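The values are calculated or read from the model by the stated rules, or taken from the named source; none is laboratory data. Note that the coordinates shown come from a computational prediction; the quantities given were computed from them, not determined experimentally. Cβ atoms come from the backbone with ideal geometry, glycine included; neighbour counts cover every protein chain shown.
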Amino acid sequence: MSAQGSPVTPVGVNHVVLNVRDIDESHRFWTEIVGLKQVGALRPRADMGQMPKMQFYSGDHGDGKMTHHDVALVENPNLPPPPAEWELFGAQAINHIAIAMPNRESWLKKLEEMQAKGVKFNMRVNHGVTHSVYINDPNGYGVELLYELPREMWETDIDAGLNYLELLPTEGKEALKDDLENAPRFGAAAE
């Protein structure tokens, strides 16, 4: 707590570390499907003993700049198998990880790219704050790829924007459409 009695607010989540069964299979998913770049791999020192394989991945943080990592993978072949069918509110420990695309155009291009690769869209959703597609990785982790809607569409009533949900088709050309022009606005910006 700060001197004034309220907690200091962080800037946000810095990175996520995922346990994965097969680091090579997961590497292909996070690089070839999601599009992150591998920026490093753990090279244990001799005095650290036996260490699992660990690799680090970053998105483009503007002008091709990478961060130290957004996602890290740690190989653990003893993980339980993934669920047979992914569920948004299933029994997996991590509900989902959201990956932001830079803008609407890059997000639409990513949808086309994934569909062409045969990636199953578990859910296509227009939220009031993002437009999203949910897929899952080989370990059963949900991955939401999104673009954030302009702040003026939701910032005066974030709660209403978070509670808005429009389910969309997950297959065919209909799954690749995005109607930003007719998306709802929340709060004073909607008037």
**OP:** Please go through the stretch 165-179 and pick out each residue that is in contact with a Phe, Trp or Tyr (Cβ under 9 Å, 6 or more places away or on another chain) and surrounded by fewer than 16 Cβ atoms within 10 Å (Cβ to Cβ).
**Re:** 169, 171
Original post:
So is residue 115 in contact (Cβ under 8 Å) with a residue 60 or more places away in the chain and either surrounded by 10 or more Cβ atoms within 10 Å (Cβ to Cβ) or under 15 Å from residue 145 (Cβ atoms) (or both) or not?
Top reply: yes
**OP:** Return a yes/no flag: does the stretch 29-48 have any residue that is touching a Gly at 6+ places or on another chain (Cβ under 6 Å), of a type in the set (A, V, I, L, M) and under 19 Å from residue 68 (Cα atoms).
**Re:** yes
Original post:
(1) at pLDDT below 95; (2) crowded, with 18+ Cβ neighbours inside 10 Å: which one isn't true of residue 156, the others all being true?
Top reply: (2)
**OP:** Collect the residues in the stretch 53-70 that are out of contact with any Gly (no Cβ under 6 Å at 6 or more places or on another chain) and either surrounded by 14 or more Cβ atoms within 10 Å (Cβ to Cβ) or assigned by TED's automatic domain parsing to the domain that holds residue 103 (or both), keeping them in residue-number order.
**Re:** 53, 54, 55, 57, 58, 59, 60, 66, 67, 69
Original post:
residue 96: closer than 30 Å to residue 172 by Cα and not aromatic (Phe, Trp, Tyr), yes or no?
Top reply: yes
